[in-house]
Each structure stands twice: as structure tokens, then as C-alpha cells.
Amino acid sequence: SEEVSHKAETLPMVNPMRDLKINDIDFVGAYEMRREWMEQMKQNKCHGCPKLEQHYAIADVGRRLRMTMDDLKFGLSDDSLQLMPEFEARLALLKSLGYIDGENVVQLKGHT
């Protein structure tokens, strides 16, 4: 891995506008934005951190917990209750067609 990263550092970067003659304005803008982001990332103190993988795992757990909290908040909100009449209408339709019984259990007719 060190050998690969060392080789990558010594290889010259291809400039798509100069070397490949790409002049599309959207591409050039996206390329310049990416180049700037890469430079910012190199300057970030996290870029060379030996515990980067551990820090990423911690941040990922935090992100997942926030997503779970958002889902729970939605489940308790008035917005989720607005979906209830549509859900009940669908259940009533499935019952009338015989796909589920009175206790909302899928019947043989409802299996694929």
C-alpha cells in the first residue's frame, strides 16, 4: 500500500483541459471544484490521522443514531398520523378482496 501511494505521489496529474482538450464548461467547473476539495482535504489534520478509521466508525455510529432518532420523531409526529387514513383504506381494500382476514393476517390468497 505504501508503494502504491508513493508511486501515486510521483506520477504527474493529468489536466483534462490541457492534456485531453476537454473544454465543456460544466466539466471544467466540476473538475476545478474537485481539485479545490482535494487540496482542502490534503490540508485537513484528519487526512494523516493514524486513528482515522476509528474516528470514522465513531462518526458513523453517531450518524446512524441521529437517523434512528429522526425516524422515531417522525413516527411520533402529526405528519405520520396523516398517513393513517390511507393505510386503513388499503387494509379495508385488502380485507374486501380476501387477501387478509379480520386480524390483518395474510391469507393463502395473498401469498405469491
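How much net charge surrounds residue 26 when only other residues with a Cβ under 13 Å from its Cβ are counted (Lys, Arg +1; Asp, Glu -1)? The partial results should precede the final answer.
Values: positive: 34; negative: 24, 32.
Spelling it out: positives minus negatives among the neighbours equals -1.
Taking the 0 to 90 degree range and rounding to the nearest ten, how far is the long axis of helix 25-43 tilted relative to the main principal axis of the chain, both from C-alpha atoms?
Once rounded, one gets 80 degrees.
Which of [x] 1.46; [y] 2.05; [z] 0.98 is the computed Cα Rg over 2.2 N^0.38 Å for the structure on display?
Label of the calculated value: [y].
Considering only protein heavy atoms and a 1.4 Å probe, what is the carbon-and-sulfur percentage of the accessible area of segment 47-89? Show your work: numbers first, answer last.
On the way: 2610 of 4040 Å².
With neighbouring chains kept in place, the figure for segment 47-89 is 65 percent.
Please give the length that would be gained between residue 23 and residue 82 if that part of the chain were fully extended, namely 0.36 nm times their separation in residues minus their C-alpha to C-alpha distance (nm, one decimal). If you can, show how the numbers build up before the last one.
On the way: separation 59, 0.36 × 59 = 21.24 nm, distance 5.05 nm.
Contour length minus Cα-Cα distance gives 16.2 nm.
In a shell of Cβ-Cβ distance under 15 Å around residue 71, excluding residue 71 itself, what net charge do Lys and Arg (+1) and Asp and Glu (-1) give?
Details: positive: 63, 64, 66, 73; negative: 70, 79.
So the surrounding residues net to +2.
Kindly report the accessible area of the chain per residue (heavy atoms of protein chains, probe 1.4 Å, no ligands, DNA or RNA), in Å². Can you show the working numbers first?
Numbers: 10470 Å² over 112 residues.
For the chain, the solvent-accessible area averages 93 Å² per residue.
Net charge near residue 101: determine it from the other residues with C-beta under 11 Å of the C-beta of residue 101, scoring Lys and Arg +1 and Asp and Glu -1.
On the way: positive: 95, 109; negative: 103.
Computed value for this residue: +1.
Find how many whole Å separate the alpha carbon centroid of segment 9-59 from the alpha carbon centroid of segment 88-104.
When both Cα centres are located, 55 Å separates them.
Could you state the angle between the C-alpha long axis of helix 52-76 and the longest principal axis of the C-alpha atoms of the chain, as a value from 0 to 90 degrees rounded to the nearest 10?
So the helix axis and the longest Cα principal axis differ by about 30 degrees.
Express in nm, to one decimal, how much length is gained between residue 101 and residue 65 on full extension, taking 0.36 nm for each residue of separation and deducting their alpha carbon distance.
Numbers: separation 36, 0.36 × 36 = 12.96 nm, distance 3.66 nm.
Net length gain for the segment: 9.3 nm.
Tell me, what is the percent relative contact order of the chain, built from C-alpha pairs under 8 Å that lie six or more residues apart?
Values: 25 pairs, mean separation 8.1, N = 112.
This gives 7 percent for the chain.
The values are calculated or read from the model by the stated rules, or taken from the named source; none is laboratory data. Computed from a predicted model, the values in this text were never measured in an experiment. Positions of Cβ are backbone-derived with ideal geometry, glycine not excepted, and every protein chain shown enters the neighbour counts. Ligands, DNA and RNA are stripped out before the accessible areas are found, and what is left, the full protein with its side chains, is counted by its heavy atoms. Shrake-Rupley method; radii C 1.70, N 1.55, O 1.52, S 1.80 Å.
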